[in-house]
Structures are given as C-alpha cells and as structure tokens.
Amino acid sequence: MIRDEKNLIGSNGKKIKTLRLCILMLFVSGCVTDVNVTEKAKRGVTFQFDKLSDDPWKMPIADLHDHDNYAEINGAKVGVFWAGLGTKRGGRDNWLVIKNRLGARRIAWSGQHEFNRLFFSGGVERMLDAEEPLLKTLYNESESDLKSGLIVGIGEIFVNNKNSSSVNFRRKAPLNAPVFKKFFDLVSKYDGFLSFHMEGDQDSLEQLSELLLSNRKGRILLNHCGVAMSVVQLRRLFEAHSNVFCELSYRYPPMNKKSEREIFNLQGIHQNWRDLIESYADRFLIGTDASSKSSFIEAIQVVRAGLLSNLKPETARKIAWENAAHLFILRE
Ligand SMILES: [Zn+2]
C-alpha cells in the first residue's frame, strides 16, 4: 500500500473521518443503499437505486470482475446491482445456471474455463490451437450465446500473467495467434468483447494494438487495467484505439497489496491516474476480483470512498455503472 498521501486526491482529514464513519455505519445500518434493498432482493423485487444520483454512496455499481458471483448474495448490501465475468471452473453449464437465475444482473462471459483447461493439459501451444475440439465447440456455442444476448463476450483469457498468477498458472501467449483473431472477429459481429488478463510487456502491447487495429468493431476489455500497466502505457492505448476498455480490479486494496499496481486506495486516487480516468471516463469500469465475501464488501467500500468520491460526479456515474450499462447491460 502506498503511504505517500501527498500524491492522493481527496486526502483531507475531515473527509476521511466522515468516510470512515460511513464505512462503520455501513456494517450497522446499510448506509450505502436503501436499507430495504436486501429485503426486496429476498422477495425478488427489482432493486431501486438512484441511478441519477451524484452521491458516490448511492449510485449503483456494476462489477466486471466477479468470477465467483459474490454479488448475488452480497451485492445488495453494497449496491452492486450487476456483476460477472467467466467462471473459474466448469464450462457453459456452470455460468448458464447463474445467468438463468439472475438474468440481466449477471454479466455472463464464456470461455475462461476452456482456454485454461487446454493450457493445463498441453501448455500455450494447445491453448492456441484453433482446431482443438473444445475451442471449436466454444466458438459455436459462443456464437449462439452472443446472438441471443446470453453472454457479452469471452474471457477472462489469460494471455500474459507471467508475474501475476500462481506459478503453475503463468504463461505468455502471442496475441497475434490466429485463435485470438478468430474469436475477436466472432465477438465483433455481435458487439461483444474479449477480456484479457495481460501484463504490459512491449511485445504484448504491440500484438494487442495489432489485434485492435485488425477489426475496429471488435472490442477488448483489459482485466485489472493491464495488471501493472502504467498510466503512460494505458494512455497510449486509449489514444490509439477507441475499442479498448479496462476494469479496475486488483488495482486497489484490499485485493492488491503491491504499491506499483495501485491506482487508488481508501484515501484517494493517485494524481496521474485521476487525470487519465477523467480524460478517458468512457473507458474505465469497476471490478473487484474478490476472493471472499468480506473482501468483496471491503473492495466496494474502497471504490466508493477512494475512487468515486474523488472524481467529477459525471465521471463517477460513468465508471460506477453507466459505461457498463452502455457496453454490456442494456444489450438484452
Ligand atoms: Zn485476472
């Protein structure tokens, strides 16, 4: 965690005190959202958030990195109304059950399991073999699921996680491999996305640019905003390509513990990141990548206190949910 508060926006003592009080109150009274939301959720009543609110504690949030579906049970407590990404284990059967249960509240993605399964059985080479029956099935099923609006894209696909995963999970795959182009062209036909877990090596960035340029209708969501990509690297990508977006999971506490990855924390946003987010407000989305109920709840508190509270209200609304609504949710 970065402790140099001079570089943080919003680090005045009074505000932090208030926010800390609010966080404490959250546990006691549910101050983030309407206290009836949990009850309503139990009865299956549609959540009623104040979508037009400029208040960072009242606007709904879309979480674009919720593999384990923490939002279903815990979302109402913290105002996460929509959430999703690929499931870690199991293929279509697994995510479809959740999607059928939650409808528009689940932002479903296919393919994470299939690419990983091939990697574990035959390394990068097998994962990139477009002729693999598993990938052919994935392609065909994804096409009909994109068409019907069940899924918004394919991912999280791990293409470069050399320094950001457990050792047996690490890999670096060339993004100019034909298999990625094939799936990129597929999602482009249905206004869909590929989502990549990709570290910012120069060659990976060049291959990503090549892919983005190859089809301007195809779009890519960078998970974790490029893991440890710098402001400069992301700014270059955003400037060059209108079809790349990123979600902020693992770039803030409690999940992230490495200062070089941190974009914001409970006290505020690092100045250079704040400038980039304000300049490219249409490109950023929220993600949690939580590993437990408590880390999910804590992550959303940090998002509201550290990020949303320190952006222009219209930027905060975009990042909290409007971008997601525009890109993923209002498609159905
Ligand atoms: Zn990831």
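Which one of the conditions (1) over 18 Å from Pro174 (Cα atoms); (2) touching a residue at least 24 places away in the same chain (Cβ under 8 Å); (3) exposed (fewer than 15 other Cβ atoms within 10 Å of the Cβ); (4) away from the ligand (no atom under 16 Å from the Cβ) does Val232 fail to meet, given that it meets all the rest?
In the conditions (1) over 18 Å from Pro174 (Cα atoms); (2) touching a residue at least 24 places away in the same chain (Cβ under 8 Å); (3) exposed (fewer than 15 other Cβ atoms within 10 Å of the Cβ); (4) away from the ligand (no atom under 16 Å from the Cβ), Val232 misses (2) alone.
Any residue in the stretch 208-227 that's on the phi > 0 side of the Ramachandran plot: show its pairings with residues that are of a type in the set (Phe, Trp, Tyr) and within 16 Å of the ligand (Cβ to nearest atom) at Cβ separation under 7 Å, as long as the two are six or more apart or on different chains.
His224/Tyr250
Failed condition for Ala62, given (1) at pLDDT below 95; (2) within 15 Å of the chain's Cα centre (by Cα); (3) away from the ligand (no atom under 16 Å from the Cβ); (4) not hydroxyl-bearing (Ser, Thr, Tyr), with all others met?
The single condition Ala62 does not satisfy is (1).
Quick one: count up the residues across the stretch 179-205 that are over 17 Å from the mean Cα position of the chain (by Cα) and either more than 19 Å from His241 (Cα to Cα) or away from the ligand (no atom under 16 Å from the Cβ) (or both).
Total satisfying the criteria: 16.
Only one of Gly226, Gly218 is away from the ligand (no atom under 15 Å from the Cβ), crowded, with 16+ Cβ neighbours inside 10 Å and of a type in the set (Gly, Ala, Ser). Can you tell me which?
Gly218
Taking into account only those residues within the stretch 163-178 that are of a type outside the set (A, V, I, L, M, F, W, C) and away from the ligand (no atom under 16 Å from the Cβ), which is farthest from Gly192 (Cα to Cα)?
Ranking the qualifying residues of the stretch 163-178, first place goes to Pro174.
What do you reckon, is Lys162 in contact with an Asp or Glu (Cβ under 9 Å, 6 or more places away or on another chain) and either under 20 Å from Asp289 (Cβ atoms) or not hydrophobic (A, V, I, L, M, F, W, C) (or both)? Walk me through it before giving the result.
Working: in contact with an Asp or Glu (Cβ under 9 Å, 6 or more places away or on another chain): yes; either under 20 Å from Asp289 (Cβ atoms) or not hydrophobic (A, V, I, L, M, F, W, C) (or both): yes.
When the stated conditions are applied, Lys162 passes them.
Which condition number does Leu150 fail, the rest of (1) away from the ligand (no atom under 16 Å from the Cβ); (2) assigned to a helix (DSSP H, G or I) being met?
Unmet for Leu150, out of (1) away from the ligand (no atom under 16 Å from the Cβ); (2) assigned to a helix (DSSP H, G or I): (2).
Among the candidates Asn160, Asn116, which residue alone is within 16 Å of the ligand (Cβ to nearest atom), under 21 Å from Asp203 (Cβ atoms) and among the polar types (S, T, N, Q)?
Just one listed residue meets the conditions, Asn160.
Can we say Glu143 is within 15 Å of the ligand (Cβ to nearest atom), of a type in the set (Asp, Glu) and either out of contact with any strand residue (DSSP E or B) (no Cβ under 6 Å at 6 or more places or on another chain) or closer than 13 Å to Gly111 by Cα (or both)?
No.
Do we find a residue being more than 16 Å from the ligand (Cβ to nearest atom), part of a helix (DSSP H, G or I), modelled with pLDDT of 95 or more and more than 25 Å from Asp50 (Cα to Cα) anywhere in the stretch 281-303?
For the stretch 281-303, residues more than 16 Å from the ligand (Cβ to nearest atom), part of a helix (DSSP H, G or I), modelled with pLDDT of 95 or more and more than 25 Å from Asp50 (Cα to Cα): absent.
Pick from Leu212, Leu208: which is under 16 Å from Tyr280 (Cβ atoms), surrounded by 15 or more Cβ atoms within 10 Å (Cβ to Cβ) and either away from the ligand (no atom under 16 Å from the Cβ) or not charged (D, E, K, R) (or both)?
Leu212
Any residue at all in the stretch 126-140 that's within 16 Å of the ligand (Cβ to nearest atom) and either crowded, with 19+ Cβ neighbours inside 10 Å or β-branched (Val, Ile, Thr) (or both)?
yes
Condition first: crowded, with 24+ Cβ neighbours inside 10 Å and either of a type in the set (A, V, I, L, M, F, W, C) or closer than 12 Å to Ile107 by Cβ (or both). Now tell me which residues in the stretch 61-74 satisfy that.
Ile61, Ala62, Asp63, Leu64, His65, Asp66, Ala71
Here's a check for you: in the stretch 264-283, which residue that is touching a strand residue (DSSP E or B) at 6+ places or on another chain (Cβ under 6 Å) and without any contact (Cβ under 8 Å) to a residue 60 or more places away in the chain is surrounded by the most Cβ atoms within 10 Å (Cβ to Cβ)?
Out of the qualifying residues, it is Ile277.
Determine which single condition Gly84 fails, assuming it passes every other condition in (1) in contact with a Gly (Cβ under 6 Å, 6 or more places away or on another chain); (2) within 16 Å of the ligand (Cβ to nearest atom); (3) small (Gly, Ala, Ser).
All conditions pass for Gly84, except number (1).
The values are calculated or read from the model by the stated rules, or taken from the named source; none is laboratory data. Since the model is a prediction, treat every value here as computed from it, not as a measurement. As a convention, Cβ positions derive from the backbone with ideal geometry for all residues, glycine included, and neighbour counts pool all protein chains shown.
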